[in-house]
Amino acid sequence: MCLPNKLLEYNLHAVTEGIDALGEVSVRIQVDAREVAAPQRLSPQHEQLGHRVFGGHGASTDTIVAGARAYVNAINKAMAALGMHSDQQAPTAALSPAAGPAA
C-alpha cells in the first residue's frame, strides 16, 4: 500500500543527557488525499484543500530509530484517518521493541 506524503517538519529533542541520552523526535507530514485510493478520502470540509497534515512522535537512545518511529507513527495516523488499515494489520508491530525481527 502506498501513501505519498511530504515531510513538513522534523524536530529532535534530547530528553536526558549523557552517552545513553534519550532522544525524542516529532514529525509532521502532509498527505494529498486526492492522490490516495482510500475509503475515507476527504470530508466535505477538506474537499477543496485536498491535503491533510498528521503528526507523529518517537523516542529512543538511537536518534535514527526515534525518527523512524515518529515517521511510522505519523503514517499510521494518516492511514487510519483515511480508512486504509485492514483489521488484520498490526500497524505498529514493525518498530515495536517487543515484536522482534520480522519473519
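Since every read-out is calculated from the coordinates, none of them should be taken as a lab result. Worth saying up front: this structure is predicted, and the values here are computed from it rather than measured. Here the Cβ positions follow ideal geometry from the backbone for every residue, glycine too, while neighbour counts run over all protein chains shown.
Values as computed for the structure displayed
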{"quantity": "Phi-based couplings in Hz for region 8-19 (Karplus 6.51, -1.76, 1.60; Gly and Pro marked x)", "calculated": "9, 8, 9, 10, 10, 10, 7, 7, 10, 10, x, 5"}
{"quantity": "Sequence of Arg34, Arg52, Arg69 once ranked by neighbouring C-beta atoms within 10 Å, starting from the fewest", "calculated": "Arg34, Arg52, Arg69"}
{"quantity": "Ile75, Ile29, Ile19 arranged by Cβ crowding within 10 Å, fewest neighbours leading", "calculated": "Ile19, Ile75, Ile29"}
{"quantity": "Computed lengthening from Ile64 to Ala14, 0.36 nm per intervening residue step minus Cα-Cα distance", "calculated": "16.7 nm"}
{"quantity": "Under-5 Å amide H pairs with His51, H placed in peptide plane, nonlocal only", "calculated": "Ala33"}
